[in-house]
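Written below as structure tokens is the structure these notes are about.
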Amino acid sequence: MSAAISSAHAVSGSVATLRSRLATRIRAVRSIKVRAEAEKPNFKGWKDIDLKQVQLGTAKIPSGIDEEVFCSSLYQWANGLTTSGQNMPFALPQRVDRLPTGFSMAFLVSDPKGEPGTFVSCGEIIAEVVDHPLQEGQRVLIINGTGQVMDKGRLIDVDTVMQTFPNAIRNAVGLATKD
């Protein structure tokens with residue numbers, strides 16, 4: 001009787017092995033990655049898209065606000081994040097630059113090729129007020145990321161900045177509203 005059990009076990013074991021081999025082949029077929037070229041949208045008035053950026057967010061700007069005050073308020077908020085370490089501790093040092101219609105926040109790392117104490121940007125958040133690509137006369141705030149910001153989870157400070165962004169936009173709109 002034990003010979004019959006061991007013989008049946010051997011047969012079922014080989015069937016299980018065959019099934020696992022087939023399952024492995026099926027999984028291998030399913031995991032094939034398809035690469036496609038990114039297609040640029042063909043909207044009227046749409047500028048060429050830089051495919052080296054990822055869009056992190058968009059906010060519609062209400063009409064009738066002072067755009068200069070709005071942009072200055074966002075710049076001051078971003079600059080305050082980097083200088084006020086007691087409120088917002090960051091893993092990486094940052095540099096904030098003023099742009100004509102927004103700001104640029106660079107995340108810095110030590111330059112491996114440069115002198116000790118020099119820093120280079122490893123990723124950047126760029127926030128700019130631009131014309132809406134589909135609606136004439138409408139302005140939007142577009143927040144893009146470059147460099148390592150494009151890799152989700154790679155720079156932990158990006159999530160912290162983006163979580164505080166909606167409040168900053170609301171405050172900037174409140175300050176820039178013309179009465």
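The values are calculated or read from the model by the stated rules, or taken from the named source; none is laboratory data. Owing to the predicted nature of the structure, the values given are computational and were not obtained by experimental measurement. Here the Cβ positions follow ideal geometry from the backbone for every residue, glycine too, while neighbour counts run over all protein chains shown.
The table for this structure:
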| read-out | value |
| --- | --- |
| Where LEU81 falls short, out of the listed (1) surrounded by 18 or more Cβ atoms within 10 Å (Cβ to Cβ); (2) at pLDDT 85 or above | (2) |
| Residue, surrounded by the most Cβ atoms within 10 Å (Cβ to Cβ), within the stretch 84-109, restricted to residues that are modelled with pLDDT of 90 or more and touching a helix residue (DSSP H, G or I) at 6+ places or on another chain (Cβ under 6 Å) | MET105 |
| Matching residues in the stretch 144-164 - criterion: being more than 12 Å from LEU92 (Cβ to Cβ) and assigned to a loop (DSSP other than H, G, I, E, B) | ASP151, LYS152, GLY153 |
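A quick yes/no check of all residues on (1) farther than 19 Å from GLY57 by Cα; (2) of a type outside the set (Ser, Thr, Tyr); (3) more than 23 Å from the chain's Cα centre (by Cα); (4) not assigned by TED's automatic domain parsing to the domain that holds LEU155:
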| position | (1), (2), (3), (4) |
| --- | --- |
| PRO89 | yes, yes, no, no |
| SER104 | no, no, no, no |
| LEU108 | yes, yes, no, no |
| GLY114 | yes, yes, yes, no |
| CYS122 | yes, yes, no, no |
| ILE125 | no, yes, no, no |
| GLU128 | no, yes, no, no |
| PRO133 | no, yes, no, no |
| GLY137 | yes, yes, yes, no |
